[in-house]
Every structure is written in structure tokens, then in C-alpha cells.
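Bear in mind these aren't lab numbers, they're just calculated from the coordinates by the rules spelled out. Here the structure is a predicted model, which is why all the values come from computation and not from measurement. Here the Cβ positions follow ideal geometry from the backbone for every residue, glycine too, while neighbour counts run over all protein chains shown.
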Amino acid sequence: MRVIVTGGGGFLGRLLIEELQGEGFDEIVVIDIGDVEVAGCTVIQGDIAHEDILPELLADDSCTIFHLASVVSAGAEADWEHAIDQNIGGMLKLLEACRQSGHYHRVIFTSTLAVFGGAAAGGLVGDLVKQTPSGTYGTTKAVGELLINDATRKGHIDGRTARLPTVIVRPGAPNAAASGFASGMFREPLAGLPSIVPVGEETVMVVGSAQNTARCIRLLADLDGEKLGLDRAVGIPGLSATVAEMLAALETVGGEEARALISMEYDLATDQLVQSWPAILDDQRARDLGFPADADLESMIRSYVEMINR
């Protein structure tokens, strides 16, 4: 079987590919808008929203498609047209290519807790809570979740959605995510570099490790679809933590010298976006389905340190 990973050149895509490699797939194809290299994979540079990359890949047989490509939170908020074009336009092109292919493909879409907002901002959410996103990124992802559900109902695909917490620690260069500081506050100080935190220490976020998140995305692909029912979106386990708790965990792992590299510099736009997200996740459905969860903040950070040192 061929496996396709859109946005596979990103950090989460690479971790997912590590989970996939060695499982006996005929081919793993990475599609990325950037010029990337991913060992052991066929890499296609291109934009699925505007280029007919998928029809040929889907023509031979059924495939498993992990759709990670996305314009992320702050980037989406800053450029509405680009976010709609890529996040919704790209999804529509993918689903149409699946429908026209003549084969039944499994599609795993990565969404976000930012699909919740409004009255749920700063509160408790779960898989059955109404989605009222407060940002363009969350809105496009909510649309994507509904499209996955409907395409599955119509029999066009076997769709599943992994609704992700804020993933820490993201290796590599910072991206345009409003939540990027939550990785930067570990990644940079642990490398001896300064980092800016643009929100207050009392801010609460739902976070999960990159490693556990990639593992859960992989597990979702193999889950019996009957267990998901009509709503194919699953909130991937995450834990709530304040920025103060994250800073304390940084000091535990990296020492006082790492903590000293953090500067608290408030940014209203970032804070407003982060505060529009939920602060507590009811992930019992995911746990009942067998998805693992991180033990605590310290274990997340130590997993990152082990990953970059191996």
C-alpha cells in the first residue's frame, strides 16, 4: 500500500514517518510545498490546492493519506485569503481526487483544539462540544472536520480527524503558529538561546508531546472505523498547564541558566488568540479508544531532549 503524507517535511510529519517506516508499506510519498528531503521517502514538491499532484498517486490502488499540510494559527489570522485557499481549498482538492480515483482511500486529517472558542474559550471541551472557533485557523479546521465527516458518510473516503493539542516541543525553526512560543520557551533556552513569552504566567494551555501526538495520529489510522461512529474527530490526549508550570519544568530539566534566558514580553494579539482556545480537554473518549497520553510536562521536555541528542 502507498502512504501519502501532505506537509510531510514538517517536524510532525517527520515524526509520523518514523512511526510508519519499517511497517512494510510499498511506498511513502511526502508532498510538501517546500524543498525538503525525507530519508526513505519519495518527495514531491508542490501545492495540492493548485497542482494536480494527487490524481496520479491515487489511481493505482487504495492509499492511506495523512493530511498535515496547513496554514497555521497566527499565519492564518494575518492572511485570511491564503488560509482559506490552502486549508479549505486544499482539502476540497484532496477529497475530490479521492472521490474521482475509483478507489476507497483512508484519510487522516490533523485538526486543532482551536476549533473551539466563544463560550468555550478558557473552559472545558470534549469531542461532543459545539465548535465555535474564534479565529480563522480554527474556522478552517472546523470546516475540514465537517468535510471529512460528510465525505465518509457519503462513502467517498474512510476519514478520521486527529484534533491536536498544542504540540511541544517543536524542533527546528519557529513557524507562524500563535502557540509557537510554547515550544520556543523550551527549545531555545535548552540550546542556550534567549526566548520571549508573549502571554502571562497564569495563561493555561492544553499541551501534548510531539512524540505522543505523532503516535496517536498513526494509531488513529489503524482504528476500527466502526468505533468512531458518525463523528470521525478524536481529541488527542493532552494535559492542561499554566505558563508558570511550563517555566518551572524548564528549570527542572535545564537548570536556572535556562530559565534565565526567558523574557516575558506581553503581546496583545497573541494573547487574545491563545485566550480564545480551551484550557481543559476532556479526552476520555480518546483514552477509551486506546490512545496513550503523556505523563507530565517534565517527561515531554525530556523526550524532546532525547530526540535531539540521538
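Kindly put Y304, Y104 in sequence by how many other C-beta atoms sit within 10 Å of each C-beta, fewest to most.
With the sparsest Cβ surroundings first, the list reads Y104, Y304.
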Taking just the alpha-carbon atoms of the range 132-202, what radius of gyration and Dmax come out, in angstrom? 16.9, 52
Taking springs between alpha-carbon atoms closer than 10 angstrom, which of V38, V234, V204 fluctuates most in the Gaussian network model of the chain? V38
For the chain, what is the calculated [θ] at 222 nm in deg cm²/dmol (nearest 500), taking -39500 (n - 2.57) for each run of four or more DSSP H residues and dividing by its residue count? -11000 deg cm²/dmol
Averaging the inverse of every distinct alpha carbon separation and then flipping it gives the Kirkwood radius. What is it for the range 12-62, in angstrom units? 12.1 Å
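Scanning the chain for GluC sites (Glu not before Pro) in DSSP loops with at most 11 other Cβ atoms within 10 Å, what's the longest stretch left with none? Intermediate results must be reported in sequence, preceding the final value.
Working: sites that count: E23, E37, E202, E265.
Maximal segment without exposed cleavage sites: 38-201.
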Amide H partners (placed H, <5 Å) of A233, local residues excluded: T161
Within a Gaussian network of the chain (alpha carbon springs, distance under 10 Å), most fluctuating of L289, L12, L220: L289
Taking only the alpha carbons of the range 243-310, the radius of gyration and the largest Cα-Cα distance, Dmax, both in angstrom, are 15.5, 41
Rounding to the nearest 20 debye, state how big the charge dipole of the chain is about its Cα centre with +1 on each Lys and Arg Cβ and -1 on each Asp and Glu Cβ. 640 debye
The simple spin-label model distance between D47 and K227, using points 7 Å out along Cα→Cβ, in nm, is 3.9 nm
If I model the range 20-126 as equal point scatterers sitting on the Cα atoms and use the Debye formula, what is log10 I(q)/I(0) at q = 0.12, 0.16, 0.19, 0.23 Å⁻¹? -0.51, -0.84, -1.07, -1.35
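What percent does the relative contact order of the range 196-310 come to when contacts are Cα pairs within less than 8 Å and at least six residues apart?
Working: 127 pairs, mean separation 53.2, N = 115.
Over the range 196-310, the number comes to 46 percent.
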Scan around W277 for amide H atoms under 5 Å from its own, H built in the peptide plane at 1.01 Å from N, and keep only partners 5 or more places away or cross-chain. G122
For the chain, list the DSSP H helices whose alpha carbon atoms reach 24 Å or more along the long axis and whose average Kyte-Doolittle value is -1.0 or above? 136-153
Identify the trypsin sites (Lys or Arg not before Pro) of the range 149-255 meeting these criteria: DSSP loop state and at most 15 other C-beta atoms within 10 Å of the C-beta. K154
Taking every pair of distinct Cα atoms and averaging 1/r, then inverting, what Kirkwood hydrodynamic radius in Å comes out for the chain? 19.6 Å
Translational D in µm²/s for the range 175-283 (Stokes-Einstein at 4 °C, 1.567 mPa s, Kirkwood Rh from C-alpha pairs): 83 µm²/s
